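Note sheet for the following structure.
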Amino acid sequence: VPPGEFIPLLEENGRIIAVGEWVLARACEQLATWRSAGWNDLRISVNLSARQFERAGLVDSVADCLRTYNIPGRCLELELTESVLMGDTSQVKTMIGALRALGVRIAIDDFGTGYSSLAYLSRFEVDTLKIDRSFIDQVHVDKERALITSAIVTLGHHLGLEVVAEGVETQEQLAFL
């Protein structure tokens with residue numbers, strides 16, 4: 001079942017927080033396994049829903065996971081959608097600051113879709129822009145997608161951000177990027 005089908009149901013019935021905590025714990029557990037096998041330079045990314053991000057205990061849950069699995073904060077990246085950033089600016093800044101104080105990296109997921117605003121890039125301390133896969137799908141043959149993708153990559157790099165293209169599946173896409 002694709003995430004686009006089950007995540008809205010989890011959001012609707014309130015189970016997204018429990019499932020999100022489970023996902024975070026399993027991701028940290030897996031990363032700890034890889035680190036114990038000698039793969040110390042890996043970073044794992046975990047999506048957070050708006051409800052998870054707004055929950056008062058999020059920072060404590062993340063800190064507990066890092067401590068439980070003995071993972072440096074720099075090895076965990078939390079992905080936030082643009083809709084999360086549209087909330088109360090002061091609260092969002094505080095939450096991002098608290099997560100970054102743990103060493104956790106912050107990514108804007110699906111950048112370029114929905115309510116994209118360049119103000120997010122100057123308003124919030126983020127580390128990574130993740131370009132939505134809808135731009136990458138035909139980037140090597142669609143001039144508009146190519147221009148938008150190039151602009152996002154250039155902008156991100158000039159701001160000192162890591163840029164990740166989601167959904168790269170072909171050599172042509174990779175060659176373009």
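The values are calculated or read from the model by the stated rules, or taken from the named source; none is laboratory data. All values reported here derive from a predicted model rather than from experimental measurement. When we count neighbours, we look across all protein chains shown, and the Cβ atoms used for this are built from the backbone with ideal geometry, even at glycine. The protein model used for the area step is the full one, side chains on, heavy atoms only, and it has no ligands, DNA or RNA in it. Shrake-Rupley method; radii C 1.70, N 1.55, O 1.52, S 1.80 Å.
Axis angle, to the nearest 10 degrees, between helix 89-101 and the longest C-alpha principal axis of the chain: 70 degrees. Note on the chain: Kirkwood hydrodynamic radius from all Cα pairs is 17.2 Å, rounded to one decimal. At a probe radius of 1.4 angstrom, the accessible area of the chain per residue rounds to 55 square angstrom. For the chain, the longest piece that avoids every one of the GluC sites (Glu not before Pro) found in DSSP loops with at most 13 other C-beta atoms within 10 Å covers 1-124. What stretch of the chain, leaving out the sites themselves, is the longest with no trypsin sites (Lys or Arg not before Pro) in a DSSP loop having at most 15 other Cβ atoms within 10 Å? It works out to 44-177. Nonpolar atom fraction for the chain, defined as the carbon and sulfur part of the 1.4 Å probe accessible area, stands at 53 percent. Think of it this way: in the chain, 75 stand alone, with no other Cys Cβ under 4.7 Å.
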